[in-house]
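As structure tokens, the structure follows; a few thoughts come after it.
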Amino acid sequence: TQLLEQSPQFLSIQEGENLTVYCNSSSVFSSLQWYRQEPGEGPVLLVTVVTGGEVKKLKRLTFQFGDARKDSSLHITAAQPGDTGLYLCAGGAGAGSYQLTFGKGTKLSVIP
Amino acid sequence: DAGVIQSPRHEVTEMGQEVTLRCKPISGHDYLFWYRQTMMRGLELLIYFNNNVPIDDSGMPEDRFSAKMPNASFSTLKIQPSEPRDSAVYFCASSLLSYNEQFFGPGTRLTVL
């Protein structure tokens, strides 16, 4: 069974601060996705990374896939209250499987 | 274009009752997934369908859970009989064959008393 561990579980920061959250596994994934979930809603895809070492930027968010495709990080620069939410990473097994394995998430609160 | 639609949004029932959750995927999507989310276990895949056919139901916790997809635009998840430990938020998601992004519905919050 492939497992994804996310850390920290909870994070509370002031507006304007930078932060990094992590997603780690002992398994190799063909792709890694990051989703953000707001209260009362379903997760929404932010990014997909598929190549080891890949870095993608989405405005103030920077996503990195580890060289060995076992881990990933999400860095937010100058956090804003609108960044508040649950950040979930999800690994794709590939090889024709369309299943995703989700981590339990990092709950981020950005205080104005 | 409408996203994934789930109903009801909230369901409160008593132990032993039958519960049916409903999902309408995005038109044209050929994969449909049912998930359960709890604080303790996070987001767990229960079952998924491809072109209305169940592909993997190994995440279905017990025989009390069943899922159907009679056509491309409708799926149900049924729990009979329901138990308090089934209380969770249940999500439906859909995706296209060639693109692995999953589009989630707003979820159904189930409370079994």
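The values are calculated or read from the model by the stated rules, or taken from the named source; none is laboratory data. A quick note: this is a predicted structure, and the numbers were derived from the prediction, not measured. Quick reminder, even Gly has a Cβ in these numbers, built from the backbone with ideal geometry, and neighbours come from all protein chains shown. Protein only, heavy atoms only, side chains kept; ligands, DNA and RNA dropped before computing areas. Shrake-Rupley method; radii C 1.70, N 1.55, O 1.52, S 1.80 Å.
Considering only residues of the range B:28-49 that are exposed (fewer than 15 other Cβ atoms within 10 Å of the Cβ) and either within 11 Å of chain A (Cβ to nearest Cβ) or modelled with pLDDT of 95 or more (or both), which is nearest to residue B:104 (Cα to Cα)?
In this case the residue turns out to be B:38.
Within the set of pairs 6+ apart or on separate chains, which have a first residue in the range A:17-37 that is more than 14 Å from residue A:62 (Cα to Cα) and more than 11 Å from chain B (Cβ to nearest Cβ), a second that is part of a loop (DSSP other than H, G, I, E, B) and at pLDDT below 95, and C-beta atoms under 6 Å apart?
Short answer, once both residue conditions are applied: A:25/A:4; A:25/A:70; A:27/A:2; A:28/A:69; A:28/A:70; A:29/A:69.
For residue B:108, all conditions in the list (1) crowded, with 16+ Cβ neighbours inside 10 Å; (2) farther than 23 Å from residue A:38 by Cβ; (3) modelled with pLDDT of 95 or more hold save one; what is the number of the exception?
Every listed condition holds for residue B:108 apart from (2).
For residue B:82, which of the numbered conditions (1) under 13 Å from the mean Cα position of the chain (by Cα); (2) surrounded by 21 or more Cβ atoms within 10 Å (Cβ to Cβ); (3) over 25 Å from residue A:86 (Cβ atoms) fails to hold?
(1)
Which of the residues belonging to the range A:25-42 are among the polar types (S, T, N, Q), surrounded by 13 or more Cβ atoms within 10 Å (Cβ to Cβ) and over 14 Å from the mean Cα position of the chain (by Cα)?
Answer for the range A:25-42, where residues must be among the polar types (S, T, N, Q), surrounded by 13 or more Cβ atoms within 10 Å (Cβ to Cβ) and over 14 Å from the mean Cα position of the chain (by Cα): A:27, A:30.
Go through the range B:87-105 and count every residue that is farther than 18 Å from residue A:104 by Cα and not aromatic (Phe, Trp, Tyr).
8
How about the range A:71-112: which strands (runs of 3 or more DSSP E) wholly inside it have at least 1 residues that are modelled with pLDDT under 95 and within 10 Å of another protein chain (Cβ to nearest Cβ)?
Of the strands (runs of 3 or more DSSP E) lying wholly inside the range A:71-112, those with at least 1 residues that are modelled with pLDDT under 95 and within 10 Å of another protein chain (Cβ to nearest Cβ) span A:85-94, A:97-102.
Of everything in the range B:68-90, what is within 21 Å of residue B:28 (Cβ to Cβ), touching a Lys or Arg at 6+ places or on another chain (Cβ under 9 Å) and small (Gly, Ala, Ser)? Give them in sequence order.
B:73, B:75
Which of the residues belonging to the range B:85-105 are within 19 Å of residue B:9 (Cβ to Cβ) and either within 14 Å of chain A (Cβ to nearest Cβ) or open to solvent by 50 Å² or more (accessible area, probe 1.4 Å) (or both)?
If the condition is that a residue be within 19 Å of residue B:9 (Cβ to Cβ) and either within 14 Å of chain A (Cβ to nearest Cβ) or open to solvent by 50 Å² or more (accessible area, probe 1.4 Å) (or both), then B:88, B:89, B:90, B:91, B:92, B:93, B:94, B:103, B:104, B:105 are the ones that fit.
Between B:5, B:55, which is modelled with pLDDT of 95 or more and aliphatic (A, V, I, L, M)?
Step by step, each of B:5, B:55 is checked, and only B:5 is modelled with pLDDT of 95 or more and aliphatic (A, V, I, L, M).
Yes or no, residue by residue, for (1) open to solvent by less than 20 Å² (accessible area, probe 1.4 Å); (2) more than 22 Å from residue B:36 (Cα to Cα); (3) within 11 Å of the chain's Cα centre (by Cα):
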{"residue": "A:21", "(1), (2), (3)": "yes, yes, yes"}
{"residue": "A:62", "(1), (2), (3)": "no, yes, yes"}
{"residue": "A:88", "(1), (2), (3)": "yes, no, yes"}
{"residue": "A:100", "(1), (2), (3)": "yes, no, no"}
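Report whether or not residue B:20 is in contact (Cβ under 8 Å) with a residue 40 or more places away in the chain and in contact with a Lys or Arg (Cβ under 7 Å, 6 or more places away or on another chain).
Judged against the criteria, residue B:20 is a match.
Considering (1) touching a Phe, Trp or Tyr at 6+ places or on another chain (Cβ under 6 Å); (2) open to solvent by less than 60 Å² (accessible area, probe 1.4 Å); (3) hydrophobic (A, V, I, L, M, F, W, C), say which one residue B:55 fails and leave the rest.
All conditions pass for residue B:55, except number (2).
In the range A:75-105, how many residues are of a type outside the set (D, E, K, R) and under 15 Å from residue A:25 (Cβ atoms)?
The number of residues fulfilling the criteria is 13.
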